[in-house]
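To start, the structure itself, in structure tokens.
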Amino acid sequence: MRLLQHGLERCAKRIEKTAKEEIGHYQAAAGPFPAWEQLADSTDQEKARLGYPVDAPLLASGTMRDESFKHEVAGLEAIVGSTDKKMVYHEFGTSKMPPRPVFGPALFKNRAFIEKTIGRAAMSGLIGGDRIHPSLGYDSE
């Protein structure tokens, strides 16, 4: 179980890092998640008036990204998300704002890494060590 928890920790960190990197940059569609729509002119004008970067979706002061994005691993579960309540509106959209999903695409973009990392952790646990033959396709750490 220790090896799987270690693998989950690596995956959760990677998803969190990817999510943080998406803030402030328009994102293309990823799997079932839509591409981000352009910000409304009124939004960019208000951001400029307040001294925030324009044409930088979901980025104002950077506090949401830098302080609210977190991950947690307990047992065989990993949670990656934000403690900022506004992220729900960004992730799923509202009647007045299109969705700009962050965490779903971050998970989707890291799918191959997750599969290899968890696969490697499971195989290591089954065989009782870290000697996995390269032909199985699990990259070493």
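The values are calculated or read from the model by the stated rules, or taken from the named source; none is laboratory data. Computed from a predicted structure; not experimentally measured. Using ideal geometry, Cβ is built from the backbone for each residue, glycine included, and neighbour counts are taken over all protein chains shown.
So for the stretch 5-22 (the condition being at pLDDT 95 or above, over 19 Å from THR117 (Cβ atoms) and of a type in the set (Val, Ile, Thr)), does at least one residue qualify? For the stretch 5-22, residues at pLDDT 95 or above, over 19 Å from THR117 (Cβ atoms) and of a type in the set (Val, Ile, Thr): absent. Does the stretch 41-67 hold any residues that are more than 24 Å from the chain's Cα centre (by Cα) and not in a loop (DSSP other than H, G, I, E, B), and which are they? If the condition is that a residue be more than 24 Å from the chain's Cα centre (by Cα) and not in a loop (DSSP other than H, G, I, E, B), then ASP41, SER42, THR43, ASP44, GLN45, GLU46, LYS47, ALA48, ARG49, LEU50 are the ones that fit.
Conditions tested, residue by residue: (1) in contact (Cβ under 8 Å) with a residue 12 or more places away in the chain; (2) under 25 Å from THR83 (Cβ atoms); (3) surrounded by 13 or more Cβ atoms within 10 Å (Cβ to Cβ).
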| residue | (1), (2), (3) |
| --- | --- |
| MET1 | yes, no, no |
| LEU4 | yes, no, yes |
| GLY7 | yes, yes, yes |
| ALA12 | yes, yes, yes |
| SER42 | no, no, no |
| LEU50 | no, yes, no |
| ASP55 | yes, no, yes |
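Scanning the stretch 68-121 for residues that are of a type in the set (A, V, I, L, M, F, W, C) and part of a helix (DSSP H, G or I) turns up MET87, VAL88, PHE92, PHE103, ALA106, LEU107, PHE108, ALA112, PHE113, ILE114, ILE118, ALA121.
Per this entry, GLN27 is counted among residues that are within 27 Å of LYS116 (Cα to Cα), part of a loop (DSSP other than H, G, I, E, B) and in contact (Cβ under 8 Å) with a residue 24 or more places away in the chain.
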